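These notes are about the structure you will find just below.
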Amino acid sequence: MSFSATRPLLSHKLPPSSRAWLARQFRDPYVRERSAARFRSRSAFKLLELDAKWSIFQPDVLTVVDLGAAPGGWSQVAASKLGWTEEDVVGLPRGHNTNRKGKAGSSFGLQRRASGRWSDSSPEPTEEDYDPWEELFDDDITHKIGRGTVVAVDLLRMLPIPGVKTVQMDFLSPEADAYIASLVKSDINPDGKVDVVLSDMAANISGNKTHDVESCLDVCNAAATFARKHLIAAEDVSRTHGGVLVVKYFEHPLLSKFRAKELKPYFNAVYNCKPEASRSESSEGYWICMGFRGVEVTR
Ligand SMILES: C[S@@+](CC[C@H](N)C(=O)[O-])C[C@H]1O[C@@H](n2cnc3c(N)ncnc32)[C@H](O)[C@@H]1O
C-alpha cells in the first residue's frame with residue numbers, strides 16, 4: 001500500500017465503509033511500519049512476534065513450508081531467518097540477474113571496484129577482482145547462500161523471494177502433499193523432513209458461520225495432517241521443542257476440540273497466541289505446536 005497514492009481518496013466521495021477502512025489503514029502502526037520495512041504484508045509482524053516469543057527459527061532449522069503464503073510476508077521473515085537477504089537471487093539462469101547487471105552469457109561479467117560497487121567496464125580482471133558470487137549462479141543455488149529453503153504455497157501467484165520456492169496451488173487438492181514433499185527433498189535433506197510448518201491459510205469469509213467454521217477446520221486439518229507426515233521429530237534434532245507447526249485458527253468451540261484431538265497428542269507443547277499485531281476485532285489466533293513427537297502416538 002502506498003500512502004501517498006491513497007490518501008487523497010479520503011477526501012473524495014467514497015462509501016463510508018471504504019473511507020473507514022482507509023482511515024484505519026492510515027492509523028495502523030503495523031501498516032505504516034510494513035510500508036517502511038518493505039514487508040509484503042502486515043502479517044509479517046505477527047510471525048516476528050511469535051518467533052521472538054517462541055524462538056521458532058533455531059539455528060538448525062533448514063526447511064520451512066509456508067502454507068497460505070501470499071503475498072509473502074511470512075515467507076520473507078522465514079527466508080531472512082534462514083540467512084537469505086533481498087539481495088540474493090535464487091535460481092535465475094546465468095545472465096539474468098537484475099541486481100547486478102551482467103553481460104549476456106556470463107553469470108555476471110562483473111568486477112568489484114575498490115569502492116565495493118559493481119561495474120561492467122573494468123579492464124583486465126586481477127586476482128582481487130575474483131567474484132565470489134560467480135559460482136553461486138548455477139541452475140539451482142537454493143541452498144548455497146541462505147542455509148536452507150522455504151517452500152511457499154498459495155492459491156494466488158506470488159512474486160519471487162530469495163530463498164523461497166513458490167508454488168501456486170490449492171493446498172486442499174489431492175496432489176498438493178506429494179508435490180510439496182518433492183520440493184522439500186534435496187541433497188542436504190534427502191529424507192524430505194520439514195523443520196517448521198507455518199499455516200496462515202484462511203479461506204474467504206462467506207458470512208455463513210457454519211460454513212466458515214467448516215472451512216477453517218478444513219485448512220487446519222490439512223495443515224496438521226501435512227505436519228504429522230513431514231515434520232522432523234523432536235528427538236531427531238535433540239531438542240524438546242524441535243519440529244514446529246504454527247497454525248492460524250478462528251475462535252470457536254469446534255476449533256478448541258480440534259486442538260485437543262488433532263494437535264495436543266502429537267506435540268510436546270501446544271501454545272495459544274493472539275499476537276499484538278493481530279487486529280483486536282479479529283477472532284483469529286495461532287497455535288504454536290512445538291516438539292513433534294513423531295507419528296507413533298497413542299491417544
Ligand atoms: C492471511 S493470507 C496469508 C498472508 C501471508 N501469511 C503473508 O504474510 O503474506 C491467507 C492466504 O491463504 C490462502 N489460502 C486460502 N486457502 C488456501 C488453499 N486451500 N490453498 C492455498 N492457499 C490458500 C489465500 O489465498 C491467502 O493468500
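The values are calculated or read from the model by the stated rules, or taken from the named source; none is laboratory data. Everything numeric in this text was worked out from a predicted model, so none of it was measured. With ideal geometry, Cβ positions are generated from the backbone for all residues, glycine too; neighbour counts draw on all protein chains shown.
Are any residues in the stretch 191-216 farther than 23 Å from PRO275 by Cβ and touching a strand residue (DSSP E or B) at 6+ places or on another chain (Cβ under 9 Å), and if so, which ones?
Let us first name the residues in the stretch 191-216 that are farther than 23 Å from PRO275 by Cβ, namely 191-193, 206-211, 214.
GLY192, LYS193 - these are the residues of the stretch 191-216 that are farther than 23 Å from PRO275 by Cβ and touching a strand residue (DSSP E or B) at 6+ places or on another chain (Cβ under 9 Å).
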**OP:** Under 6 Å between Cβ atoms, at least 6 apart or on separate chains: pull out the pairs that start in the stretch 55-67 with a residue that is more than 12 Å from GLY243 (Cβ to Cβ) and not assigned by TED's automatic domain parsing to the domain that holds SER80 and end on any residue that is within 16 Å of the ligand (Cβ to nearest atom) and basic (Lys, Arg).
**Re:** none
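Please indicate, with yes or no, whether at least one residue in the stretch 201-212 is in the same structural domain as ASP60 (by TED's automatic domain parsing), more than 24 Å from LEU255 (Cα to Cα) and within 12 Å of the ligand (Cβ to nearest atom).
If we filter the stretch 201-212 for residues that are in the same structural domain as ASP60 (by TED's automatic domain parsing), which is where we start, we get 201-212.
Filter once more, keeping what is more than 24 Å from LEU255 (Cα to Cα): none.
No, because not a single residue in the stretch 201-212 is in the same structural domain as ASP60 (by TED's automatic domain parsing), more than 24 Å from LEU255 (Cα to Cα) and within 12 Å of the ligand (Cβ to nearest atom).
If we scan the stretch 179-189, do we find a residue that is under 21 Å from ARG40 (Cα atoms) and surrounded by 19 or more Cβ atoms within 10 Å (Cβ to Cβ)? Steps first, answer last, please.
Quick first cut of the stretch 179-189, residues under 21 Å from ARG40 (Cα atoms) only: none.
Scanning the stretch 179-189, I find no residue that is under 21 Å from ARG40 (Cα atoms) and surrounded by 19 or more Cβ atoms within 10 Å (Cβ to Cβ), so the answer is no.
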Original post:
How about the stretch 219-243: which of its residues are within 16 Å of the ligand (Cβ to nearest atom) and of a type in the set (A, V, I, L, M, F, W, C)?
Top reply: VAL219, CYS220, ALA222, ALA223, ALA224, PHE226, ALA227
Original post:
So, in the stretch 148-166, of the ones that are of a type outside the set (Gly, Ala, Ser) and touching a helix residue (DSSP H, G or I) at 6+ places or on another chain (Cβ under 7 Å), which residue ends up nearest to the ligand (Cβ to nearest atom)?
Top reply: VAL153
Subject >> Residue in the stretch 204-214 that is more than 14 Å from TRP54 (Cα to Cα) and touching a Phe, Trp or Tyr at 6+ places or on another chain (Cβ under 8 Å) present >> reply: yes
